[in-house]
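Laboratory data are not the source of any read-out in this text; all were calculated from the coordinates shown. Fair warning: this is a prediction, and the values are worked out from it, not measured in the lab. Here Cβ is always computed from backbone atoms with ideal geometry, including for glycine, and neighbour counts include all displayed protein chains.
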Amino acid sequence: MSARVPPPERRRHPLTRSAFYVHLWAGVILTIALTAISITGILLNHKRGLGLMPDVDHRPTGPFASALSLAALADTALRQVQAGATAPDARTQVDRMDVRPRDGIVKVRMRDAASTEVTLDLNTGRVLHVGRRGDVFLEKLHSGEIFGRRGILLSDLAAVGLLLTLLTGYWLWLFPKMSHRKDGEA
C-alpha cells in the first residue's frame, strides 16, 4: 500500500488573506453598531405608520409669499408650550423648524426632554397640533448623536466598516473566480 500524498498546499494571495481578516474582524467588531443602525433605519422608514410622527392633515390657507416670519411662528410655538413663562427665547428653546410650503405648515421642535413639536399654519400662525415626537430618540440613536460626538464618530466608523466589509466580501468572492479563470487559460 502506498502512502497517501497530501495535496499540495495552495497559498493564498497576500491581498486575499488580508481581505479575509479585514472582512472577518470588521464584521465581528461592527456587528452591534450595524445592527442598531439597520433596525433604527427600518423603524424610521415606517415612523408614520408606527405612530411615531403625527400626521397633520392641513391645506394651505394662503400663498407661501404671505407666510408669517419664522421668528413670529417660533414665538407662537413657544407661547403654546411654555404657558406663563416670561419672554422665552427662540434661539435657545427651539431645536429646529421644518417648513413645508406645499402643506402650508411649519413644524417647530423644541429643545426639551420630550422633544415637543408644535405644528402651525404658515399664514395664520394657528396651532394645528402640539405633541411629543416619538421618532427623535430613534433618529439620535440611528445617527449616534444620542452618545454625543463620539457616538457620531462611531456611526461613521460603522459606515466605513460596512464599506470595507462589502469590498472585502466582493474581493473574497471575485478573486477565486478570476484565479480559476487564469488557471484554466494557462
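Angle of helix 31-45 to the longest C-alpha principal axis of the chain, folded into 0 to 90 degrees and rounded to 10: 40°. Across the chain, C-alpha contacts under 8 Å between residues 6 or more apart give a mean separation that, scaled by the residue count, equals a relative contact order of 27 percent. Of the labelled options [x] 51, 31, 29; [y] 98, 32, 26; [z] 51, 43, 31, which one gives Cα extents along the principal axes in Å as computed for this structure? Working out Cα extents along the principal axes in Å from the coordinates points to [y].
Residues whose amide H falls under 5 Å from that of residue 123, counting only those 5 or more places apart or on a different chain, are 61, 68, with hydrogens built in the peptide plane.
Highest mean packing first, where packing is the average number of other Cβ atoms within 10 Å per residue, the peptides 130-142, 106-118 line up as 106-118, 130-142.
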